[in-house]
1. Return the residues of the range A:19-43 that are surrounded by fewer than 17 Cβ atoms within 10 Å (Cβ to Cβ) and of a type in the set (D, E, K, R); say none if nothing qualifies.
2. Looking only at the range B:176-219, which residues are in a helix (DSSP H, G or I), charged (D, E, K, R), within 14 Å of chain A (Cβ to nearest Cβ) and out of contact with any strand residue (DSSP E or B) (no Cβ under 7 Å at 6 or more places or on another chain)?
3. Does A:Leu92 satisfy being within 18 Å of A:Gly55 (Cβ to Cβ) and surrounded by fewer than 22 Cβ atoms within 10 Å (Cβ to Cβ)?
4. Hey, could you check the range A:127-139 for residues that are free of Cβ contacts under 8 Å to residues at least 24 places away in the same chain and assigned to a strand (DSSP E or B) and say which is nearest to A:Phe229 (Cα to Cα)?
5. Go through (1) among the hydrophobic types (A, V, I, L, M, F, W, C); (2) within 26 Å of A:Ser91 (Cβ to Cβ); (3) at the interface with another protein chain (Cβ under 9 Å from one of its Cβ atoms) one by one and return the number of the condition A:Met53 breaks.
6. Are any residues in the range A:33-50 within 11 Å of chain B (Cβ to nearest Cβ) and of a type in the set (Asp, Glu), and if so, which ones?
7. Quick one: which of A:Ser323, A:Ser312, A:Ser308 is among the polar types (S, T, N, Q), under 23 Å from A:Arg240 (Cβ atoms) and in contact (Cβ under 8 Å) with a residue 40 or more places away in the chain?
8. Condition first: over 20 Å from B:Ser180 (Cβ atoms) and touching an Asp or Glu at 6+ places or on another chain (Cβ under 9 Å). Can you find one or more residues in the range B:109-121 that meet it?
Amino acid sequence: MIIQKTEEQELLLENLQELMSRVCTEDYIRTCEKNHEQPHKLIEALVENGFYMLGLPEEYGGTPLDHLTYFMCVEEVHKIMPPFGWPRALSLNEMLRLGTEEQRKIVADLVKQGNMAFSFAITEPQAGSDDNAITTTATRKNGKVYINGQKTFITGANISPYMLVATKDPNSPDPRKSVSFWFVPADAPGVTIQTLPKIGWLMLPTCEVFLDNVEIEEKDIVGVEGEGFLQLMKCFEMERLTNCAVALGSAQAAFEDAARYANQRVQFGVPIGSFQLIQEKLTYMAIKIENMRNAFYKCAWEKDQGISIQLSSALAKLYCVQSGFEVADDAMQIMGGIGYTEDCRISRIWRDVRVLRMTDGTDQVMIHIAGRALLKKYR
Amino acid sequence: MKIAVCYKLVPDEQDIVINGDHTISFDKAEWKIGQYDLVAVEAAMRLAEVAGGTVSALSAGGKQLENSKLKKNILSRGPVDAYMIIDETMSDADSYQTAYVLAKAIEKIKDVDLVVCGEGSSDMYAQQVGSQIGELLQWPSVNAIGTITLADGKLIAERMLETEVEVLEIPIPAVISVTSDIFQARIANLKDILEAGKKPVVRWDLDDIGGVPEMSTNVLSVLAPPQADRRRVIIGGDSGDQINEFYEHLRKEL
């Protein structure tokens with residue numbers, strides 16, 4: 001594995017950096033957060049400059065690229081921005097792979113214009129980590145399909161025109177083949193969406209979705225009926241790497257702010273960076289960031305080489321999101337009281353990174369996946 | 001319309017080291033494309049996109065021009081090809097030598113209708129090269145161009161002067177230098193960057209363009225101004241007395 005970036009990767013990241021610095025001032029970020037709105041100006045710039053569709057097939061107007069470069073871009077964006085609904089290429093690719101031509105066209109057209117296209121409606125009040133416990137149903141009647149159930153923690157449900165709703169057939173003889181996905185318009189009669197106020201990710205709403213006899217057509221199934229989770233397994237692995245990229249970009253930003261501050265902040269007549277307790281913190285933060293980058297880049301590289309990342313993506317996700325939070329927390333400690341104020345981006349990073357330990361599989365689920373896989377290797 | 005846009009590689013200002021004797025060291029500096037030149041490239045590209053035609057990038061300098069990432073960088077901004085006159089003599093060339101070499105290259109490229117330069121170089125900012133290229137080629141040469149269009153085979157340009165805006169009709173071929181805010185340099189995307197690596201680059205040495213004249217200037221030294229310690233005088237408030245006190249401090253220093 002070669003760690004040195006290629007000239008093309010460097011140029012792409014430099015251009016992305018330039019775009020981000022033009023659009024995303026701290027003031028702009030604060031305004032979007034305060035208004036709980038997506039950063040439309042940034043999304044527009046990403047669309048206009050060909051970044052929004054990175055990783056998507058050319059026939060849908062995208063620019064395909066390798067996973068490693070793709071995730072480097074995600075990291076770069078999140079050095080500055082909190083999560084705001086980009087990137088979506090991984091889930092979109094699966095949708096484009098599994099969907100019908102009509103579904104593919106709808107999704108591609110929406111994404112080209114900078115829309116989220118669809119939200120993933122999987123989690124339910126009683127089915128979080130235990131996603132097999134979902135109870136939302138799809139029932140057939142008079143040639144139509146009716147969806148009933150309740151979804152929760154659905155990211156972007158109220159800003160996406162469609163939802164990819166997971167339903168379960170309680171009568172299926174094989175529980176592994178009982179989950180199906182449906183492409184449901186978010187404005188269909190019977191759909192009620194409520195936002196859940198939360199402490200972070202303020203540009204990206206999280207919602208509860210109530211599905212009351214929502215009528216859809218047979219053609220709205222996505223992929224093969226009953227094989228919902230099996231079809232999307234790869235997608236879940238890749239989402240773990242997105243979490244790594246967000247954690248790494250955020251941790252890098254927090255570290256840089258803290259290191260600069262340690263050089264400037266004078267206490268007891270000297271910069272606080274001259275105290276060994278601060279140096280110790282910065283040193284361990286730097287080690288963690290280096291390890292995060294290595295684990296995560298290696299994982300993305302393995303994906304590009306066709307090597308299974310079932311185990312390595314769980315290990316990388318667990319390490320990156322935990323370390324990302326630890327780095328943000330130590331950065332806040334170095335900044336002291338000022339780091340806890342809203343004027344300082346460390347406070348935002350701190351609250352935004354925390355949830356990565358729960359999204360797309362909690363720390364405990366990552367241990368569950370990795371633990372079993374590790375034991376299996378030595379059986 | 002065939003447009004040649006000139007650019008210069010300059011040391012990244014973040015990496016410039018000021019030595020104890022106030023001399024300036026570029027030894028550890030990464031090289032980059034001058035920021036004003038990227039704006040010139042954008043102006044050339046916009047004109048070509050509207051009026052039709054092609055844009056070629058043109059530069060003269062030392063071995064830094066061989067850097068393949070920098071070549072891809074300039075070509076990812078839109079030019080179809082690049083011409084480079086590479087010789088170590090050109091590393092320390094003055095504006096006359098630079099203009100001379102570029103003018104000779106423009107003649108050698110043939111059929112160039114318009115030469116676009118930036119406001120000035122990002123390092124020396126002498127703002128000389130554009131005007132001198134025009135003089136050497138005996139073409140109209142106008143600087144401070146803030147807007148530009150093409151109509152009936154002539155350039156219609158607005159020249160931004162201190163207190164007024166001149167609207168000029170400039171016959172081509174011509175040389176123009178554009179202001180730093182005529183456009184914002186474009187962001188290159190992945191396709192642009194990948195395509196840039198495939199675009200042709202023509203490399204000439206000084207012999208190919210008939211040599212370079214002697215320097216017309218003699219640089220005795222380039223020194224950074226001595227750094228002054230901060231005075232750490234803090235004046236709080238906004239009363240007349242306090243503003244006067246603030247003014248007095250400034251006046252003493254000037």
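The values are calculated or read from the model by the stated rules, or taken from the named source; none is laboratory data. The structure displayed is predicted, hence computed values, not measured ones. Glycine also receives a Cβ, built like all others from the backbone with ideal geometry; neighbour counts cover every protein chain displayed.
1. Of everything in the range A:19-43, those that are surrounded by fewer than 17 Cβ atoms within 10 Å (Cβ to Cβ) and of a type in the set (D, E, K, R) turn out to be A:Arg22, A:Glu26, A:Asp27, A:Arg30, A:Lys34, A:Glu37, A:Lys41.
2. B:Asp192, B:Glu195
3. no
4. It comes out as A:Ala127.
5. (3)
6. A:Glu48
7. It is A:Ser323.
8. Checked the range B:109-121: no residue is over 20 Å from B:Ser180 (Cβ atoms) and touching an Asp or Glu at 6+ places or on another chain (Cβ under 9 Å).
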